[in-house]
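The values are calculated or read from the model by the stated rules, or taken from the named source; none is laboratory data. Values in this document were obtained by computation on a predicted structure and should not be read as measured data. Cβ sites come from the backbone with ideal geometry, for glycine too, and all protein chains shown count toward neighbours. To get the accessible areas, we keep the full protein, side chains included, count just its heavy atoms, and leave off ligands, DNA and RNA. Shrake-Rupley method; radii C 1.70, N 1.55, O 1.52, S 1.80 Å.
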Amino acid sequence: MNSCYSMLDKLGNAIKKGIDRLSKAIFVDKKMIDEVVKELQRALIESDVNIKLVKEISDKIRKAAENEKIKGIEKREQIIKILHDELVEILGKEKAEFKFKKGKKYKIMLLGLYGSGKTTTTSKLSNYYNKRGFKTAILGLDVHRPAAREQLEQLGKQNKLKVFIDKKEKDPIKTYKKFKKDLDKHDVVFIDTAGRHNLDKELVAEIKKLKKEIKPDYVMLVTPADIGQAAKNQASEFQKACNIDGVIVTRMDSTARGGGALTACNETKANVFFITTGEKVNDIEEFNPSNFVSRILGMGDLETLIEKVRSVADEKSIKSIKEGKFTMNEMKDQLGAMGKMGSFSKILDMIPGLGGLMGGKKPKIPKEMIEQQGAKTKKWAHIIDSMTPTERESPEIIEKQNTRIQRIAKGAGTTATEVRALLKQFKIMKDFIKTQSKGLTEKDMMKLAKKYGKKMKFKGR
Ligand code: GDP
Ligand code: MG
């Protein structure tokens, strides 16, 4: 799981705990609502969300909680929906991004104070777009600190990125002119600039000069998440002085105040394009407010799911699976576990983004197909029972021999097609279990769900 969500873990958990309390209670009285709302407020404030916004959000929640017409699960969904919408509202309704057209050339200039993450971020962005088919380059214009250019050189080497630097040149404009011709051969050029301790006259003057000469398509402010709500002042100062197009919030992984930084940026109308979540070159992602919130609100559910899988499956079988062993014996145990958990569709409902609850995407897999799966688990258990111990240990041998398939089908009172379906499913589950024992990420689940859906369709014919 991406570590940047751990910073909002507390918020997500507090939210879910509160909502659960409200939805499970038979009598929701005012005292209880007060307590839950207070808990939510505390969590929001700890994430450094502006007090005024916290009050607005909690007023809406209180209203929904006090509404006696909505009960139980509906209430839970209603409140989650309110929270989702409110949080998206304060994070920025629309996703902001670079609008790159194929065949055109772009220059992106990164600004920011000392240590905000400019240099690291230029390499992350260059790598990000490189991987997506753009020919990218980095131009190092932090001429004030000698180490800055070496840092870029290193990052370039480590990650195979094209970097243009002139270690001796003291004038950034001259450096730019020197490389201009080469730079123009690239689709996107990311420009690293010098920082200061604060946005002083010198820095503003230098940025203005650079902007005039280079004419970047996007000027981005790089700001660290740990300054929390102070990001608002910083963004608006840079906005006024240098006319920035957007913000990149770094170090989301290392602070609990990221919520404040993100909401603060939205208040200045300086949209957050990217967030970075670690020191490695891949620790960057496009910032999509709606997905971001769904993940905060949904993450606990995903954890619950994993916990659930763990709690119903046999310890011994989990142990062997973890050690890389997965045979028909383990599969039977897993099928039993799934039966105990209820239908697979319930499990899918718990996966953020799939449940539809968050106003996100609806499940891509037809419900009937998933439902069928439940009935099949019983049949499959019979099939496994009809296998010899050797067949259970190495199911590959069944596939190769039609007589084995026929014998097993007969023993289980079913068809050869059904036995083949089980063998196919075995392979899918093997993949599933492998990822599960490592700890599932949301991406894994999505991938899995997709794969699962496709194979089911094939089998259903
Ligand atoms: P600059 O002075 O603005 O160029 O900042 P740097 O790019 O040199 O980054 C300053 C420090 O922050 C470096 O040690 C980076 O490794 C670190 N850093 C940058 N982005 C992140 C991030 O997203 N997460 C973490 N944990 N560290 C980061
Ligand atoms: Mg730097």
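Counting DSSP beta bridges in the range 106-296, what percent are antiparallel, to the nearest 5? Walk me through the numbers on the way to the answer.
Working: 3 of 27 bridges.
Bridges in the range 106-296 that DSSP calls antiparallel: roughly 10 percent.
Using the Cβ of Thr268 as centre and a radius below 12 Å, the other residues enclosed give a net charge of +1, where K and R count +1 and D and E count -1. Taking all protein chains together and rolling a 1.4 Å probe, Lys170 ends up with roughly 150 Å² accessible. Along the range 262-274 the Karplus relation, 6.51 cos²θ - 1.76 cosθ + 1.60 evaluated at θ = phi - 60°, assigns HN-Hα couplings of 5, 5, 4, 4, 4, 5, 8, 6, 8, 6, 7, 8, 9 Hz to successive residues, with x for each Gly and Pro.
Taking packing as the residue-averaged number of other Cβ atoms within 10 angstrom, the listed peptides 247-258, 281-292, 90-101 run from highest to lowest as 247-258, 281-292, 90-101.
Just the accessible area per residue of the range 106-296, please: how many Å² with a 1.4 Å probe? Mind dumping the intermediate values first?
Numbers: 8170 Å² over 191 residues.
Here the per-residue accessible area is 43 Å².
Between Val163 and Ile138, the built amide H atoms are under 5 Å apart, and every one of these is 5 or more places off in sequence or on another chain.
Hey, rough spin-label estimate for Asp20 and Glu169, points 7 angstrom out along Cα→Cβ, what's it come to in nanometres? Placing both labels 7 Å beyond Cα along the Cβ direction yields 5.9 nm. With r as the distance between the Cβ atoms of Glu202 and Lys60 and R0 = 51 Å, compute the FRET efficiency 1/(1 + (r/R0)^6) and round to 0.05. Taking R0 as 51 Å, the efficiency between Lys60 and Glu202 is 0.65. Separation of the alpha carbons by more than 29 angstrom is noted, of Lys118/Lys157; Lys16/Lys332; Lys124/Lys240; Lys93/Lys201, for Lys16/Lys332; Lys93/Lys201. Scalar couplings 3J(HN,Hα) for the range 166-176, obtained by applying the Karplus form with A = 6.51, B = -1.76, C = 1.60 to θ = phi - 60°, are 10, 5, 9, 5, 9, 10, x, 5, 5, 4, 4 Hz; x denotes Gly and Pro. For the range 235-251, 3J(HN,Hα) computed residue by residue from phi via the Karplus equation (6.51, -1.76, 1.60; θ = phi - 60°) reads 4, 6, 5, 5, 4, 5, 6, 10, 6, 6, 9, x, 10, 10, 9, 9, 6 Hz, glycine and proline entered as x. Given R0 = 56 Å, the distance between the Cβ atoms of Ser394 and Glu35 translates into a calculated FRET efficiency of 0.45.
Holding the Cα-Cα limit at 20 Å, pick out from Lys31/Lys63; Lys135/Lys162; Lys105/Lys181; Lys160/Lys280; Lys99/Lys232 the pairs that are longer than that. Could the numbers behind the result be given before it?
Details: Lys31/Lys63 14 Å; Lys135/Lys162 9 Å; Lys105/Lys181 13 Å; Lys160/Lys280 14 Å; Lys99/Lys232 24 Å.
Pairs exceeding the cut-off: Lys99/Lys232.
With all protein chains present, how much of the accessible area of the range 106-296 (probe radius 1.4 Å) comes from carbon and sulfur, to the nearest whole percent?
Details: 3880 of 8170 Å².
Roughly 47 percent, rounded to a whole number.
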